[in-house]
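Structure first, then comments.
Please treat every number below as a calculation from the coordinates, not as lab data. In this text the structure is predicted, and so the values were computed from the model without any measurement. So basically every Cβ, Gly included, is an ideal-geometry build from the backbone, and we count neighbours across all protein chains shown.
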Amino acid sequence: MISIEQLYKSYGKLEVLKGISLEFDTPGRISAILGPNGSGKTTLMKSILGMVLPDKGDIKVDGKSVKGQWAYRKRIDYLPQIARFPENLRVRELIAFLHDLRHSDTREKELIERFGLEPHLDKKLGNLSGGTKQKVNLVLAFMYDSPMLILDEPTSGLDPIALLRLKDLILEEKSRGKLILITTHIMNFVEEMADEIVFLLEGNIYFRGKTEELKTRFHEPSLERAIARVLGEKKINGHSFKLVNELVS
């Protein structure tokens, strides 16, 4: 459903993406896009959404190039890492505003109830805690019920109950056949939720596969420790790129 072909992107002299090629074509699958800060994962996600224009390469959604297009975005729901809302607007007003942007069905009532936002609907967004803002962010991201989801750090600021409800929601969306891409630094969340990981480092794909494959290769009991080994060995010697690149499937 999403095809990325030889994608390059630079900001001045800084190369962020160096010929990335990926396909996400299996409905009902959760793929985690991982990597340290500066690895290119956010640029990759924003390129899919048309928020960043690549220097070279192409992105296709449902077989059609996204170049110069915008309608395809209606098929992708997006959760940004940082929710920036108009501070003087009330929660209810923001949801109503976005409800009216598209002529399509929404399910905000169900999501408001799921995340316990009823007591906050008449509060101004500037007065909300970080965790409550994230719940509003989640309602806005899931309310249109699109077939593809891109979630950037979805667990940020959530309390344990809200986190459990988010996990249940993501698994429900997966069971309904949605294609889900997630970026996060929380490796426990990845191990629990993701069907596969794509690990980026310095604009390249270092690994794509199941978490167990990466843990087995580095003889580590957790994904967090396996990735720490990848980063540590790269820092220590110059042969780590070859070592990790051999894992790409």
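Compute the Rg to Rh ratio over the stretch 155-231 from the alpha carbon atoms, using the Kirkwood formula for Rh, and round to two decimal places. With Rh from the inverse mean 1/r over Cα pairs, Rg/Rh is 0.99. Listed peptides 87-96, 223-232 appear in the order 223-232, 87-96 once ranked by packing, highest mean of other Cβ atoms within 10 Å at the front. For Tyr78, the residues whose modelled amide H falls within less than 5 Å of its own, excluding neighbours fewer than 5 places apart on the same chain, are Ile150.
Taking a ≥ b ≥ c as the square roots of the eigenvalues of the alpha-carbon gyration tensor, the stretch 110-158 is classed oblate because a/c is 1.5 or more while a/b is no larger than b/c.
Legend: distances between Cα atoms for Lys133/Lys174; Lys60/Lys109; Lys178/Lys210; Lys46/Lys123; pairs beyond 26 Å are Lys60/Lys109; Lys46/Lys123.
Protection proxy ranking for 39-47, 203-211, 185-193, 104-112, using the average of other Cβ atoms within 10 Å per residue and placing the highest first: 39-47, 203-211, 185-193, 104-112. When both bridge partners sit in the chain, DSSP labels roughly 55% of those beta bridges antiparallel. Computed from backbone phi with θ = phi - 60° and the Karplus coefficients 6.51, -1.76 and 1.60, the 3J(HN,Hα) list for the stretch 25-30 is 10, 10, x, x, 9, 10 Hz; x is used for glycine and proline. Look at (i) -0.48, -0.59, -0.70, -1.16; (ii) -0.36, -0.44, -0.54, -1.18; (iii) -0.42, -0.51, -0.62, -1.23: the one that is log10 I(q)/I(0) by the Debye sum over Cα atoms at q = 0.09, 0.10, 0.11, 0.16 Å⁻¹ derived from this structure is (iii).
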